[in-house]
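Worksheet for the structure shown next.
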Amino acid sequence: MPRDRSTLISRLALSSPQATEAENATLADRFATMAEANSLAIAQIDQRVLDLALAAVAEAERRVRVQRERIAYLESLSITDELTQVCNRRGFQGELARALAEAARTGKGGVVLLIDLDGFKAINDAHGHAAGDFVLRTVAGWLDGHVRPGDTVARLGGDEFSVLMPQTGPDNGIARAAELDRQLNRLTARWSGLKLKIRGSVGVAAYDPGDGAEDVLARADRTMYQKKNGRSGRVLRLVN
């Protein structure tokens, strides 16, 4: 039987060169079991039957792969903002929940930024919604290109964005937030020959192990509106 099994694995390798050695060994065991159940020698397994069985296995695997890819695609749609292709509110909430759970395990907190664009309605009113959409895509792409690979950029809705910076100490977080704030407020979007100035109010809040998502977002929101109302000047402050 071992010699017959080895022969069958060789036949499978010739019939299905794309399969791995482990996959062919698994198939050989299945064919051997079927042969024994029908009182057949492995050598009696017809090559045509072998080829048909391999084709059926390959088709089943293809269907499973397509289904998994479809599920992954639909899941990505549910957490991705259609216009800007960054996370949407649902996706951001999921990432924040994971970051807070990680903070509880590791003892390392992070920082959350909330960004509200200033004067965005005026751009829509003066140049139309297509220009406004272009500005939103510009901001999302710029933010996504100016954060670490492990950070999360999200469009929460309208002209409001957020950045999640996990495992970031308060001092480092405030420095990074201040730099993003400075660069963002120098950004322009070129639209139909025009240079549209982009301005935003940035709120920032640190989170620690044990903090809740609603509380963290409320603190970041409060500092953002303080900036928007001009009560805190151009200085970013963490609210704990």
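Would you call LEU156 in the same structural domain as ILE123 (by TED's automatic domain parsing), touching a Ser or Thr at 6+ places or on another chain (Cβ under 6 Å) and of a type outside the set (Gly, Ala, Ser)?
yes
Has the stretch 89-97 got any residue that is outside any loop (DSSP other than H, G, I, E, B), of a type in the set (A, V, I, L, M) and touching a Leu at 6+ places or on another chain (Cβ under 9 Å)?
Taking every residue of the stretch 89-97 in turn, at least one turns out to be outside any loop (DSSP other than H, G, I, E, B), of a type in the set (A, V, I, L, M) and touching a Leu at 6+ places or on another chain (Cβ under 9 Å).
For the stretch 161-183, does any single residue satisfy the condition of being of a type in the set (D, E, K, R), under 17 Å from ASN88 (Cβ atoms) and either in contact with an Asp or Glu (Cβ under 8 Å, 6 or more places away or on another chain) or in contact (Cβ under 8 Å) with a residue 40 or more places away in the chain (or both)?
no
Pairs under 9 Å by beta carbon, first residue among the aromatic types (Phe, Trp, Tyr) in the stretch 116-129, partner in a helix (DSSP H, G or I), six or more apart or different chains?
From residues that are among the aromatic types (Phe, Trp, Tyr), the pairs are PHE120/GLY132; PHE120/VAL135; PHE120/LEU136.
Kindly indicate which of SER201, SER162 is in the same structural domain as LEU143 (by TED's automatic domain parsing), within 23 Å of LEU217 (Cα to Cα) and within 21 Å of the chain's Cα centre (by Cα).
Only one candidate qualifies: SER162.
Check SER201 against each of (1) out of contact with any Asp or Glu (no Cβ under 6 Å at 6 or more places or on another chain); (2) at negative phi; (3) modelled with pLDDT of 90 or more; (4) among the small types (Gly, Ala, Ser) and name the one condition it does not meet.
(1)
Exactly one condition in (1) more than 26 Å from ASN88 (Cβ to Cβ); (2) free of Cβ contacts under 8 Å to residues at least 40 places away in the same chain is false for SER192; which is it?
(2)
Scan LEU196, LEU184, LEU180, LEU217 and give me the residue that is more than 30 Å from ALA130 (Cβ to Cβ) and either among the basic types (Lys, Arg) or out of contact with any Phe, Trp or Tyr (no Cβ under 7 Å at 6 or more places or on another chain) (or both).
LEU217
Which residues, taken from the stretch 106-139, are within 25 Å of GLU214 (Cα to Cα) and touching a Phe, Trp or Tyr at 6+ places or on another chain (Cβ under 7 Å)?
GLY109, GLY110, VAL112, ILE115, VAL139
Going through the stretch 109-145 one residue at a time, which ones are of a type outside the set (A, V, I, L, M) and under 19 Å from GLN93 (Cα atoms)?
GLY109, GLY110, ASP116, ASP144
Give the residue, chosen from ASP125, ASP171, ASP116, ASP133, that is crowded, with 18+ Cβ neighbours inside 10 Å and of a type outside the set (A, V, I, L, M).
Every option except ASP116 fails the conditions.
Is it true that ALA140 is of a type in the set (A, V, I, L, M), part of a helix (DSSP H, G or I) and more than 17 Å from the chain's Cα centre (by Cα)?
Spelling it out, it is not the case that ALA140 is of a type in the set (A, V, I, L, M), part of a helix (DSSP H, G or I) and more than 17 Å from the chain's Cα centre (by Cα).
The values are calculated or read from the model by the stated rules, or taken from the named source; none is laboratory data. The shown structure was predicted, so the numbers you read here are calculated from the model rather than taken from an experiment. Ideal geometry is used to build each Cβ from the backbone, glycine not excepted, and the neighbour counts take in all protein chains shown.
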